[in-house]
Amino acid sequence: MHINKLNTISIFKLIWDSLSKKRKSYVYLTILFTLFNGLAEIISLGLVVPFLAALSNPDDFFYNPTINTISGVFGINTPVKLALSLSILFALASLLSGSIKLITLWLNYRVSALIGKDISSQCFAKTIRQPYSKQITKNTSKILSAITNEITSTVVVINQILLFINASISIFGVLLIIILVDWKIAFSVGFLISLFYSLIMLLTKSRLKINSKLVTLTTEKQVKLIQESFGSIRDLILNNYQNIFIDKFDNNEEILRIKRADNLFLSTFPRFSMEAFSLIVMAFVSYGIILDKGEINSSVPLLGAIALGAQRLLPSIQLLFSAWANIKGYKSSLYKVGRLLNQTINEFPINNLVKRRFNKYIQVKSVDFNYFPNEGNILHQINISIKKGEKVGLIGETGSGKSTLIDLIMGLLSPTKGQIIVDEIDIYNKNKYEDLISWRNNIAHVPQSIYLSDTTIKENIAFGESIEKIDMNKLIDATKLCQIHEFIYDLPLKYNTVVGERGVRLSGGQIQRIGIARAIYKKADVLILDEATSALDSKTEEILMNGIYNLDTSPTLIMIAHSIKTLINCDSIYELKNGKIIRKFSGLEIDNIKQ
């Protein structure tokens, strides 16, 4: 479904379709209790008239032929006993109604929370499973805002929908009793209340919509500002720019809080206006009933039923309006979540994946690549052949296409034209997505910018493995090869040392060596180093690279560097310029460079 064609109903349908059978059964259970709640309201309210009649005029009520006959069946032979019996029955009905209402309310909030958890997990999963080509075009602050704030708002909307259903059924039950008591009063009161809320809805609709968009937009700005602030904290402190960011944060926060408060006011203010309005209406209705009956005593049961009905009706009507206002107020959030849920992904059961080892060669055949069809190619007619176990280097100026070529070989970007063949298999065959996943499992990659999470050194090296599955012997072998074991071992907590967010407590060289150790720990068939030793001194780099060249697993090595001297131990070196291979070095040419 195209997201631009989605309306509010379509998004609700999208959310509903995304729910599991188990979650849907919870929704059905909640609606069932809502129906029970409505029935309990009808029973408790229906008992008000006989209960008040028995109290206000017990003799006349008891000697009514119908009541007298029913009382005789149950052995009730005096007006006092009848009043007592009705009091107990009314109390039990009220207790039952209150209990069911509490259970229904608990179910509403619990089911909303569980649905929110499911939606949040699905949005995160669908976003993180998007192709790499889409990931690099996304704004992370918008995604972060959507998966956290907007989904929280969507949970509020789901809860409001359930409350909307609850309130609608309660209103139906109350109106049914009032209609049975006096249909003229029921229709008159119903018309006036409907007119009152319709006018308010008409006046507040556009304002709620505008506020909704502003809240969503400002939330995204705020998340982005926080990310940028802490991401550039050194420059902020060095240049004393904190006040600039503080002022921006303060301005965004003011807009955000005021618009949210505005929406909250718009959803609740009719209640207080309606309370005053309903008291005026009740005063005139009461006077009209007394005039019609001619005496106060005979009017008490009817007045009591209408008064209690109004007392039950007004909160339900306000709840109905509040639910509508919240749905309108969070409409922009719904669209954001709808976009995330509407993302398509390539589904393939990882458990059924046949792991294929890399055995023969990698062949890049006449590959062109561009990110957007209307833009020129970044790579032009690339042809490279790499045998298993070979060491291949890529050199070229910044922007020549080296890293893009690596992304294509790793299976992150799909060629615009041409093929990438691994062991006679086209890894970008759309009918065999599992081949691409299987190929990726054979690769260990060390990028230019290494990301370290705010966890321990050992967890960062054994990235993706649970702590109990980490092979410490293999891990220590990797750190020794990377010339960082001694540094780690001198730390008070050794391999349990937390590195800080993005490795803030480590130097650039230490981060690079941990990144390389992570790749070596994986023991992959193909090891790709994208300027992975640029932060190391020449001696450490030489020792580390000699260790990599002599790994007992003999991985196929693909290296990117700016200087050809870094690649002198490679079997062949390709030079790129403006997205084209302009030269290949091999054999004697590399030997001459060494000399």
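The values are calculated or read from the model by the stated rules, or taken from the named source; none is laboratory data. Just so it is clear, the model here is predicted, and its values are computed rather than measured. Neighbour counts run over all protein chains shown; Cβ positions are idealised from the backbone, glycine included.
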**Request:** Could you identify the single residue in Asn473, Asn429, Asn442 that is surrounded by fewer than 16 Cβ atoms within 10 Å (Cβ to Cβ) and either touching an Asp or Glu at 6+ places or on another chain (Cβ under 7 Å) or at pLDDT below 90 (or both)?
**Result:** Asn429
**Request:** Please verify whether the stretch 489-512 includes one or more residues that are in a helix (DSSP H, G or I), over 20 Å from Asp530 (Cβ atoms) and under 33 Å from the mean Cα position of the chain (by Cα).
**Result:** yes
**Item:** Number of the exception - Ile384 against (1) buried (at least 19 other Cβ atoms within 10 Å of the Cβ); (2) within 30 Å of Asn496 (Cβ to Cβ); (3) not polar (S, T, N, Q)
**Value:** (2)
**First in the stretch 500-519 and under 15 Å from Ser449 (Cβ atoms), second anywhere and among the small types (Gly, Ala, Ser) and in a helix (DSSP H, G or I), Cβ under 7 Å, 6 or more apart** = Ile511/Gly503
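If you check Glu220, Glu228, which single one turns out to be within 24 Å of Gln242 (Cβ to Cβ), in contact (Cβ under 8 Å) with a residue 40 or more places away in the chain and of a type in the set (Asp, Glu)?
Numbers: Glu228 fails: in contact (Cβ under 8 Å) with a residue 40 or more places away in the chain.
Checking each option against the conditions leaves just Glu220.
Residue-by-condition table, conditions (1) in contact with a Lys or Arg (Cβ under 6 Å, 6 or more places away or on another chain); (2) crowded, with 16+ Cβ neighbours inside 10 Å:
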site: Ala535; (1), (2): no, yes
site: Glu542; (1), (2): no, no
site: Leu551; (1), (2): no, no
site: Ser554; (1), (2): no, no
site: Ile558; (1), (2): no, yes
site: Ile573; (1), (2): no, yes
site: Leu576; (1), (2): yes, yes
**Complete:** Just one listed residue, out of Asn263, Asn239, is modelled with pLDDT under 85 and buried (at least 16 other Cβ atoms within 10 Å of the Cβ), and it is Asn263
**Asked** Which pairs have Cβ atoms under 7 Å, sit 6 or more apart or on different chains, and link a residue in the stretch 535-561 that is modelled with pLDDT under 80 to one that is among the small types (Gly, Ala, Ser)?
**Response** Ala535/Gly508; Ala535/Gly509; Leu536/Gly509
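Can you tell which of Leu114, Leu176 is in a helix (DSSP H, G or I), in contact with a Lys or Arg (Cβ under 7 Å, 6 or more places away or on another chain), of a type outside the set (Phe, Trp, Tyr) and assigned by TED's automatic domain parsing to the domain that holds Ser18?
Values: Leu176 fails: in contact with a Lys or Arg (Cβ under 7 Å, 6 or more places away or on another chain).
It is Leu114.
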**Complete:** Residue count, the stretch 496-505, condition of a type outside the set (Lys, Arg) and either over 26 Å from Ile443 (Cα atoms) or crowded, with 22+ Cβ neighbours inside 10 Å (or both), comes to 5
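Determine whether the stretch 31-39 contains at least one residue that is closer than 26 Å to Tyr330 by Cα and either at pLDDT below 65 or assigned by TED's automatic domain parsing to the domain that holds Lys336 (or both). Full working, then the answer.
Going residue by residue through the stretch 31-39, those that are closer than 26 Å to Tyr330 by Cα are 31, 34.
Still in the running and either at pLDDT below 65 or assigned by TED's automatic domain parsing to the domain that holds Lys336 (or both): 31, 34.
The answer is yes, given that some residue of the stretch 31-39 is closer than 26 Å to Tyr330 by Cα and either at pLDDT below 65 or assigned by TED's automatic domain parsing to the domain that holds Lys336 (or both).
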**Residue among Ile450, Ile528 that is modelled with pLDDT of 90 or more, outside any helix (DSSP H, G or I) and either of a type in the set (Ser, Thr, Tyr) or in the same structural domain as Asn359 (by TED's automatic domain parsing) (or both)** = Ile528
